[in-house]
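Single-structure report; data block below.
The values are calculated or read from the model by the stated rules, or taken from the named source; none is laboratory data. If you're wondering where the values come from, they're calculated on a predicted model, not measured in any experiment. We place every Cβ from the backbone using ideal geometry, glycine too, and count neighbours over all the protein chains shown. What goes into the accessible areas is simple: the full protein's heavy atoms, side chains included, and nothing from ligands, DNA or RNA. Shrake-Rupley method; radii C 1.70, N 1.55, O 1.52, S 1.80 Å.
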Amino acid sequence: MTDKKSPTWKSYEDIATFVLNQCAHEFGLGNFDGKQMIEGASGTDWEVDARGWSKDGSTFFNVECKKHIGTRISQALTGSLAYSITDTGATGGFLVSPEGLQSGAKKVAAAAGIHEIKLDPASTTSAYFGEWLGSLHAGFTDVVNVGVSEHLLITLTDENGNVKQVYDSNKP
């Protein structure tokens with residue numbers, strides 16, 4: 001049964017906005033705002049899951065989040081974000097998903113200035129794990145025990161003591 005008051009895609013959007021704010025400087029940006037409507041030159045209103053702003057606030061980036069587990073984001077969906085960028089006058093965009101982009105979608109993203117962000121679906125504002133700009137990233141805002149070895153294993157333990165494996169460097 002789906003909880004309509006708190007759908008998981010909504011919390012994924014909120015967490016993605018939080019994570020994008022944590023790494024905004026890596027993209028040369030100032031900050032990200034949450035879900036909003038942006039009017040396009042066509043007269044169409046575009047709902048974006050977040051919007052990133054340059055440090056001086058003069059330019060912005062549209063953000064689309066898709067919590068599609070087990071499938072990469074399609075060329076068509078990436079094309080929709082690309083058109084929203086053009087229509088709203090955005091400088092570029094971000095596509096956030098657990099699995100990343102299909103090969104055709106990567107071509108569209110490169111042509112439209114869209115950054116691919118892979119964000120683990122188990123991420124929270126307390127602990128997140130993702131990949132962007134060709135690097136793996138992990139962020140923690142709670143107490144974390146870290147050990148160093150040639151094998152990287154990241155697990156999350158919830159308040160009930162349940163452990164979920166988030167990343168294992170021995171698995172492709």
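Hey, can you find the accessible area per residue of the chain for me, probe 1.4 Å, expressed in square angstrom? Write out the running numbers ahead of the final one.
On the way: 9810 Å² over 172 residues.
Value returned for the chain: 57 Å² of accessible area per residue.
Using 0.36 nm per residue of separation minus the Cα-Cα distance, give me the extension gain between Phe140 and Glu26 in nm, one decimal.
Details: separation 114, 0.36 × 114 = 41.04 nm, distance 1.72 nm.
Length gained, Phe140 through Glu26: 39.3 nm.
With a ≥ b ≥ c taken as the square roots of the eigenvalues of the C-alpha gyration tensor of region 10-92, please select rounded if a/c is under 1.5 and otherwise prolate if a/b is larger than b/c or oblate if it is not? Show your work: numbers first, answer last.
Values: a/c = 1.67, a/b = 1.02, b/c = 1.63.
Since a/c reaches 1.5 but b/c is at least a/b, the shape of region 10-92 is classed as oblate.
Given 0.36 nm per residue, what is the gain on full extension from Asp33 to Ser169 after removing their alpha carbon distance, in nm?
Values: separation 136, 0.36 × 136 = 48.96 nm, distance 3.27 nm.
That works out to 45.7 nm of additional length.
Pairs on different chains or at least eight residues apart, Cα atoms closer than 22 Å: how many lysine pairs in the chain fit?
The number of close lysine pairs in the chain is 28.
If one takes the longest principal axis of the Cα atoms in the chain, at what angle in degrees, from 0 to 90 and to the nearest 10, does the Cα axis of helix 75-88 lie?
Tilt relative to the chain: about 50 degrees.
Name the longest site-free stretch of the chain, where the excluded sites are trypsin sites (Lys or Arg not before Pro) in a DSSP loop with no more than 14 other beta-carbon atoms within 10 Å. Please report the intermediate quantities before stating the final value.
Values: sites that count: Lys4, Lys5, Lys55.
Between exposed loop sites, the widest span is 56-172.
Based solely on its DSSP helices, what 222 nm [θ] is calculated for the chain when runs of n ≥ 4 H residues each add -39,500 (n - 2.57) and the sum is averaged over all residues, nearest 500 deg cm²/dmol? Don't skip to the end; give the middle numbers.
Details: 3 runs with 40 residues, N = 172.
It lands at -7500 deg cm²/dmol.
Classify region 49-140 as rounded, prolate or oblate from the Cα gyration tensor: take a ≥ b ≥ c as the square roots of its eigenvalues, call it rounded if a/c is under 1.5, otherwise prolate when a/b beats b/c and oblate if not. Mind showing how you got there, number by number?
Numbers: a/c = 1.99, a/b = 1.21, b/c = 1.65.
Oblate.
So for the chain: antiparallel DSSP bridges make up what percent, rounded to the nearest 5? Display every interim value, and only then the final one.
Details: 25 of 36 bridges.
For the chain, the DSSP antiparallel bridge percentage is about 70.
Using only alpha carbon pairs under 8 Å that are at least six residues apart, calculate the relative contact order of region 28-172 and give it in whole percent. Mind dumping the intermediate values first?
Values: 277 pairs, mean separation 20.7, N = 145.
So the answer I get is 14 percent.
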